[in-house]
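What follows is a set of notes on a single structure, which appears directly below.
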Amino acid sequence: MIVFAGVVPHSPLLVPSIGKEHQAQLAKTTAAYQEFEQALYLAKPETLCIIAPHGPRYPDSFSANMAGSYAGTLKSFGDFSTTVSAKSDFMLIDRTHRKMRDEGVPFTLTSSEELDYGYSIPIMLLTTHLQNWKLFPVSPSMMDGKAHFEFGRQLKRVIHAETRRVAVIASADLSHKLTSESPGGASQEGPKFDEAVQQSLAANDPNPLLSLPLETVENAGQCGYRPISTLLGTLENMNVTPHVLSYEAPFGVGYIVAKFDIA
């Protein structure tokens, strides 16, 4: 069953060993991450289903990484000492794969013990106190948001039939084109995208996000559209209370932290 859900960013600057000189500028996000971590701990999940955007992506299929165990580092960001490890919930992944295929949902399995930073950073920041948990790493496809919302609905059907307590977390950075200081420069689409995400999460309503033209989404220079669309699909018709804990863009990239209390 789904016992907790939310969205967190995966900026390496949130890790003190990398972004220690930027901690003051990320104060809102850091405080929200801590609140999120406490709520996650209280929900007592046995499995973290993390939907992250930087793994293998297929044009017409969603996927999950079914390795026996996982390990992640931040070496590509100059941190050679910080590591993260996780056990695989391979039984849940296998059951999900079988049920998705039975329902005609395109769902592919990969196998790699290496976790990219889209998974590693949320795990580092959210499992300080959590014990005896397993990982279900999901990757989106290259299809549009509506397809991911529908995939989320199917994922909910599978997880909700389980006795295991599962937290569904979208690992997502928002627009990289908000201002002239942004990594991708300024664009009109960047602020529109971030505003739509905030509206959708605050109301648990996919329409503001899914009604955006795909051209607007892609020109926003973001990596959160598909993970967040999937998450919103898993929450459809559930009794949840949304809380947007923070939104800020101190470096021209939108960071949002939101959690959903599930009755």
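Quick check on my filter: what residues within the stretch 82-123 are of a type in the set (A, V, I, L, M, F, W, C) and touching a Ser or Thr at 6+ places or on another chain (Cβ under 8 Å)?
Scanning the stretch 82-123 gives 84, 86, 92, 107, 109, 121.
Determine whether the stretch 127-137 contains at least one residue that is out of contact with any Gly (no Cβ under 9 Å at 6 or more places or on another chain), among the aliphatic types (A, V, I, L, M), in a loop (DSSP other than H, G, I, E, B) and under 25 Å from residue 79 (Cα atoms).
Yes.
Quick check on this structure: which one of 230, 234 is in contact with a Phe, Trp or Tyr (Cβ under 7 Å, 6 or more places away or on another chain), buried (at least 20 other Cβ atoms within 10 Å of the Cβ) and within 22 Å of residue 125 (Cβ to Cβ)?
The match here is 230.
Test residue 211 against the stated conditions and say whether it is modelled with pLDDT of 95 or more, more than 16 Å from residue 143 (Cβ to Cβ) and not aromatic (Phe, Trp, Tyr).
When the stated conditions are applied, residue 211 passes them.
Specify the residue that is surrounded by the most Cβ atoms within 10 Å (Cβ to Cβ); the eligible residues are those in the stretch 163-204 that are in contact with a helix residue (DSSP H, G or I) (Cβ under 7 Å, 6 or more places away or on another chain) and of a type in the set (D, E, K, R).
Residue satisfying both the conditions and the ranking: 177.
Which residues, taken from the stretch 79-118, are under 20 Å from residue 56 (Cα atoms) and of a type in the set (S, T, N, Q)?
85, 88, 96, 108, 110, 111, 112, listed by residue number.
Quick one: would you say residue 112 is more than 20 Å from residue 163 (Cβ to Cβ) and either of a type in the set (Phe, Trp, Tyr) or surrounded by fewer than 19 Cβ atoms within 10 Å (Cβ to Cβ) (or both)?
Yes, satisfied.
When you go through 103, 114, 150 one by one, which is the residue that is closer than 16 Å to residue 168 by Cα and of a type in the set (Asp, Glu)?
150
Hey, can you tell me all the residues within the stretch 90-126 that are part of a loop (DSSP other than H, G, I, E, B) and out of contact with any Gly (no Cβ under 7 Å at 6 or more places or on another chain)?
Correct list: 103, 104, 105, 106, 111, 112, 113.
Test residue 79 against the criterion of being acidic (Asp, Glu) and in contact with a Ser or Thr (Cβ under 6 Å, 6 or more places away or on another chain), and give yes or no.
yes
Assess whether residue 107 counts as being closer than 17 Å to residue 155 by Cα, surrounded by 13 or more Cβ atoms within 10 Å (Cβ to Cβ) and out of contact with any strand residue (DSSP E or B) (no Cβ under 7 Å at 6 or more places or on another chain).
Here the answer is no, as residue 107 does not meet what is asked.
Determine whether the stretch 129-139 contains at least one residue that is of a type in the set (Ser, Thr, Tyr), modelled with pLDDT of 95 or more and over 23 Å from residue 210 (Cα atoms).
Scanning the stretch 129-139, I find no residue that is of a type in the set (Ser, Thr, Tyr), modelled with pLDDT of 95 or more and over 23 Å from residue 210 (Cα atoms), so the answer is no.
Just the residues that are more than 25 Å from residue 112 (Cβ to Cβ) and either of a type in the set (A, V, I, L, M) or crowded, with 20+ Cβ neighbours inside 10 Å (or both), please, taken from the stretch 129-155.
Residues satisfying the conditions are 145, 149.
Condition first: part of a helix (DSSP H, G or I) and either in contact with a Gly (Cβ under 9 Å, 6 or more places away or on another chain) or small (Gly, Ala, Ser) (or both). Now tell me which residues in the stretch 138-155 satisfy that.
Once the filter is applied, which keeps residues that are part of a helix (DSSP H, G or I) and either in contact with a Gly (Cβ under 9 Å, 6 or more places away or on another chain) or small (Gly, Ala, Ser) (or both), the stretch 138-155 yields 145, 147, 148, 149, 150, 151, 152, 153, 154, 155.
Could you check how many residues of the stretch 58-78 are charged (D, E, K, R) and within 25 Å of residue 98 (Cα to Cα)?
Residues meeting the conditions: 1.
The values are calculated or read from the model by the stated rules, or taken from the named source; none is laboratory data. Bear in mind that the values here come from a model prediction, so they are computed numbers and not experimental data. With ideal geometry, Cβ positions are generated from the backbone for all residues, glycine too; neighbour counts draw on all protein chains shown.
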